[in-house]
1. Which whole-number percentage describes the relative contact order of the range 8-51, with Cα contacts under 8 Å and a sequence gap of 6 or more?
2. Which three numbers, in whole Å and largest first, are the semi-axes of the equivalent ellipsoid of the chain derived from its Cα gyration tensor as √(5λ)?
3. Put +1 on the Cβ of every Lys and Arg and -1 on every Asp and Glu Cβ in the chain; which of Leu76, Pro50, Gly9 then has its Cα farthest towards the positive end of the dipole?
4. Rounded to the nearest 10 degrees, what's the angle between the helix 64-87 long axis and the longest principal axis of the chain, both from Cα atoms, 0 to 90?
Amino acid sequence: MSDHIQNAGPMLASRRCGAKTRCGGACRAPAVQGKTRCRMHGGAKGSGAPRANQNAHKHGLFSRDAIAERRQIRALLGDVRKVLEGMR
Ligand SMILES: [Zn+2]
């Protein structure tokens with residue numbers, strides 16, 4: 001029997017994919033570096049649409065600009081809420 005000690009800690013500590021699987025659970029494969037999905041769920045090199053691609057554009061609700069705008073509005077609302085709390 002081998003007395004080799006496995007050091008899998010750093011590997012297991014890596015960011016996980018989290019895509020929904022067919023069973024309804026979350027994919028637990030490691031995410032590709034710099035991406036939020038694993039190689040099987042859209043994290044592979046060359047996958048995904050190029051920037052500013054309009055081929056699948058339907059309504060633009062999830063476009064980079066629309067997401068940034070909503071983020072700004074949320075930040076503004078947070079600031080307003082803080083100011084209103086200070087006025088009490
Ligand atoms: Zn995955």
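Throughout, read-outs are computed from the coordinates displayed, never taken from laboratory work. In this text the structure is predicted, and so the values were computed from the model without any measurement. Heads up, the Cβs are rebuilt from the backbone with ideal geometry, glycines too, and the neighbour counts pull from every protein chain shown.
1. Result for the range 8-51 is 28 percent.
2. 38, 24, 12
3. Selected residue: Pro50.
4. Tilt of helix 64-87: around 60 degrees.
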